[in-house]
Amino acid sequence: MKAEGWKDRLVYQRKNFWKTATPREREEAQVFAAGYMKFLNTCKTERETVTHVASLMEKKGFHDIDIVGKADRLFRSARGKNLALAVIGNQPLTDGINLIVSHIDTPRVDLKQNPLSEDSTTELAVLRTHYYGGVKKYQWMSTPLSLHGVVIKDNGETVNISIGEKEKEPVFIMPDLLPHLASREQYSKKIGDAVSASHMQVVFGSMPYEKEAEKLKEAVKLNILYLLHQKYGIVEEDLLSAELQLVPAGKARNAGLDGSLISAYGQDDRVCAYASLQALFSLQPDKLDRTAVIYLADKEEIGSESNTGAKSAFMLDFLADLLKYNQESADSMNLRKTLIKSQIISADVNAAINPNFPEVHEKDNAVHLGFGVSVTKYTGSRGKSMTNDANAEFNSKIIRILNAAGVNWQTGMLGKVDEGGGGTIAKFMAEYGAEVIDCGPGLLGMHSLYELSSKADVYSAYRAYRAFFEKA
């Protein structure tokens, strides 16, 4: 055999999707990306994601597990922030399920519980904030932001807020310091200290309440409250219990002159949520062996805490009710045995090698944009701290499934060993005793306001998740 033949047979080579894809696959990738971009534009928060997915589920024939009689497509949502969906397969659930877990929360800037004040020096109305998740604070300065969330009124009514996404709506700004005066305040500091949390106040208005403005203290704040009351019927006390978030205003955009990339906020991790959702929607129950489940979780960016995060009992409770629904024992022992026999993909993004900062990656162990979905054995930091480390048998099985399905895939770490690191939901899922591995697209600029993904990788993620459900 010639050297080229041996190379093709023996050497691992990641394959560029655009070089290997058929014309039909290229078109399918573009169509899939268009749907994904619409999803991103609609789903700027975890609550908006759950609401939107709920509208899709109804069209796809999914039924609430707590209400329906007999059905093979089931779901349950919790507190408007997370969601589980299942397609019942032919095998008993006690043989194990195939589960894909992704998260629908994203790094953002939350409003503090008492957010509104009038700055005594400038007499501007400002919103005080508290950032959520791993953000570079300086990136949020002087960029258009929109306000999303819910306010619960005194009578219990829920008011949904979305301001700044439509062209004629106002946007909101955290004004940065001009370079002319930044020498001592910013340039002399480390980049992480140049903007502190106290600098991240949002200018919310400047006009005083018209009537008796000269006699009133904090007339600008009063005018803001008056406008909010006129439009939404809320008072300041309602803001104290509200959940309001600031996110980048604007829509997902095609990126690159060739239109092969997507620039958008919130792709970590709504790209995996969308891809797994579409994979589940494509399944035919009568042709499915193992029951397929997806879990869209909240709070991953702050450690999967709270009663809507992956550490909560939500997924266990849903699986127990699935067992009962399928006329199988849902006792504690049977639930544990079911989980131990299950296979789980922690669907989360990886850090693609960045042409501007290649030195933080090891090329052969990094994800490359456009070369397919990443199969990531472990994440964590430095000495594999705080990670799931997938077993070789399960890792190999996933690779075989992807190869058989013709899915473009690659393997890669988050970065060089001592550069830092990060974690995913995988380690929490592994505590159930199931086989777990990370699998998702690479991103450039992860956790920035406008992350960059490849349409090839987004489409490859969908195909990977579908193959996992059908063949694993």
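The values are calculated or read from the model by the stated rules, or taken from the named source; none is laboratory data. Keep in mind it's a predicted model, so treat the numbers as computed, not measured. Glycine also receives a Cβ, built like all others from the backbone with ideal geometry; neighbour counts cover every protein chain displayed.
Scan region 195-219 for residues that are over 24 Å from residue 249 (Cα atoms) and either in contact (Cβ under 8 Å) with a residue 12 or more places away in the chain or surrounded by 18 or more Cβ atoms within 10 Å (Cβ to Cβ) (or both) and jot them down.
208, 209, 210, 218, 219
Just to verify a result, which residue in region 107-140, among those that are in contact with a Lys or Arg (Cβ under 7 Å, 6 or more places away or on another chain) and among the basic types (Lys, Arg), is nearest to residue 206 (Cα to Cα)?
Checking each candidate, the answer is 128.
Starting from residues that are in a helix (DSSP H, G or I) and among the aromatic types (Phe, Trp, Tyr), keep the ones in region 1-51 and report whichever is surrounded by the fewest Cβ atoms within 10 Å (Cβ to Cβ).
6
For every residue, the table says whether it meets (1) surrounded by fewer than 23 Cβ atoms within 10 Å (Cβ to Cβ); (2) without any contact (Cβ under 8 Å) to a residue 40 or more places away in the chain; (3) in a helix (DSSP H, G or I).
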residue: 401; (1), (2), (3): yes, no, yes
residue: 429; (1), (2), (3): no, no, yes
residue: 433; (1), (2), (3): yes, no, no
residue: 439; (1), (2), (3): no, no, no
residue: 446; (1), (2), (3): yes, no, no
residue: 449; (1), (2), (3): yes, no, no
residue: 453; (1), (2), (3): no, no, no
residue: 462; (1), (2), (3): no, no, yes
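Looking at region 279-305, which of the residues that are under 17 Å from the mean Cα position of the chain (by Cα) and among the hydroxyl-bearing types (Ser, Thr, Tyr) is nearest to residue 29 (Cα to Cα)?
So, considering only residues that are under 17 Å from the mean Cα position of the chain (by Cα) and among the hydroxyl-bearing types (Ser, Thr, Tyr), the one nearest to residue 29 (Cα to Cα) is 295.
Name, by its number, the condition in (1) exposed (fewer than 10 other Cβ atoms within 10 Å of the Cβ); (2) in contact with a helix residue (DSSP H, G or I) (Cβ under 7 Å, 6 or more places away or on another chain) that does not hold for residue 177.
All conditions are met except number (1).
Filter region 137-158 for residues that are out of contact with any Pro (no Cβ under 9 Å at 6 or more places or on another chain) and either small (Gly, Ala, Ser) or closer than 21 Å to residue 105 by Cβ (or both) and give the result.
137, 139, 147, 148, 149, 150, 151, 152, 156, 158
Considering only residues that are crowded, with 21+ Cβ neighbours inside 10 Å and more than 18 Å from residue 98 (Cβ to Cβ), look in region 309-344 and name the one that is modelled with the lowest pLDDT.
The residue in question is 309.
Go over the candidates 347, 330 one by one and state the one that is more than 27 Å from residue 105 (Cβ to Cβ), touching a helix residue (DSSP H, G or I) at 6+ places or on another chain (Cβ under 7 Å) and either among the aliphatic types (A, V, I, L, M) or outside the structural domain of residue 72 (by TED's automatic domain parsing) (or both).
Residue meeting the stated conditions: 330.
What single numbered condition from (1) of a type outside the set (Asp, Glu); (2) without any contact (Cβ under 8 Å) to a residue 40 or more places away in the chain; (3) in contact with a helix residue (DSSP H, G or I) (Cβ under 6 Å, 6 or more places away or on another chain) fails to hold for residue 310?
Of everything listed in (1) of a type outside the set (Asp, Glu); (2) without any contact (Cβ under 8 Å) to a residue 40 or more places away in the chain; (3) in contact with a helix residue (DSSP H, G or I) (Cβ under 6 Å, 6 or more places away or on another chain), residue 310 misses just condition (2).
If you go through region 318-328 one residue at a time, how many are free of Cβ contacts under 8 Å to residues at least 24 places away in the same chain and either touching a Ser or Thr at 6+ places or on another chain (Cβ under 8 Å) or part of a helix (DSSP H, G or I) (or both)?
So the answer is 2.
Condition check: out of contact with any Pro (no Cβ under 8 Å at 6 or more places or on another chain) and either buried (at least 23 other Cβ atoms within 10 Å of the Cβ) or not assigned by TED's automatic domain parsing to the domain that holds residue 222 (or both). Does residue 283 satisfy that?
Yes: the conditions hold for residue 283.
With 426, 430, 404 as the choices, which residue is over 22 Å from the mean Cα position of the chain (by Cα) and modelled with pLDDT of 90 or more?
So the residue among 426, 430, 404 that is over 22 Å from the mean Cα position of the chain (by Cα) and modelled with pLDDT of 90 or more is 404.
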